[in-house]
Every structure is written in structure tokens, then in C-alpha cells.
Amino acid sequence: MTTTVPTPTADTRWRCALCGNLTRFDVTRSSKVVEYVHLDLAGEPTVEERDVLSETIESVRCRWCNAVDKIELVDRPGADS
């Protein structure tokens with residue numbers, strides 16, 4: 001069962017409705033990206049450019065209480081409401 005997790009904006013942030021956590025979350029994402037990878041002479045790769053084509057947040061889990069289905073969006077401090 002997949003629950004849609006709202007994405008924070010410039011005016012909002014995540015909050016755990018169960019315990020009140022505002023700062024610590026485990027986020028599982030699926031991304032489709034194009035990367036420009038530069039290999040040095042020893043063959044070590046370095047990603048020099050990354051273009052995210054699409055990204056989906058699959059789940060957000062509260063690090064404090066492990067709640068997965070209680071994450072909500074709240075206003076950021078100082079955000080115009």
C-alpha cells in the first residue's frame with residue numbers, strides 16, 4: 001500500500017502528527033536522472049552534472065517514533081500565510 005506524501009515547499013515543512021518531530025525523517029525516493037560522469041585517469045568516477053528528470057517520494061518515516069502514515073505539512077516559521 002502506497003501513501004502519497006506531500007512534498008514540502010518554500011513555505012511548508014514536514015511534521016510528524018504523532019510525536020511532533022520537525023527535523024528528522026527517513027525519506028525513500030525513486031528518481032530518474034541523467035548524470036555526466038567524469039572518470040579520472042585512474043578510472044575513479046566523479047558526477048559533475050546531475051539532471052533530475054523525475055522524482056517521486058515513496059515514503060517518509062519519522063526518525064523519532066517510526067510513524068509512516070502520520071507525516072503532514074505545516075507552515076514554516078516566518079512563512080506568509
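Here, each number is a calculation from the coordinates, and none is a lab measurement. All figures in this text were calculated on a predicted structure; none of them were measured in a lab. Note that we place each Cβ from the backbone using ideal geometry, even for glycine, and neighbour counts take in every protein chain shown.
Calculate log10 I(q)/I(0) of the chain for q = 0.23, 0.24 Å⁻¹, where I(q) comes from the Debye formula with a single equal point scatterer on each Cα and nothing for solvent. Those come out to -1.04, -1.08, one per q.
The trypsin sites (Lys or Arg not before Pro) of region 28-81 that DSSP puts in a loop, and whose beta carbon has at most 16 other beta carbons within 10 Å, are R63, K70.
First select every other residue whose beta carbon is under 13 angstrom from the beta carbon of S30; then total the charges, Lys and Arg +1, Asp and Glu -1. Let's see the in-between values first.
Working: positive: R29, K32; negative: E55, E58.
Net charge around S30: 0.
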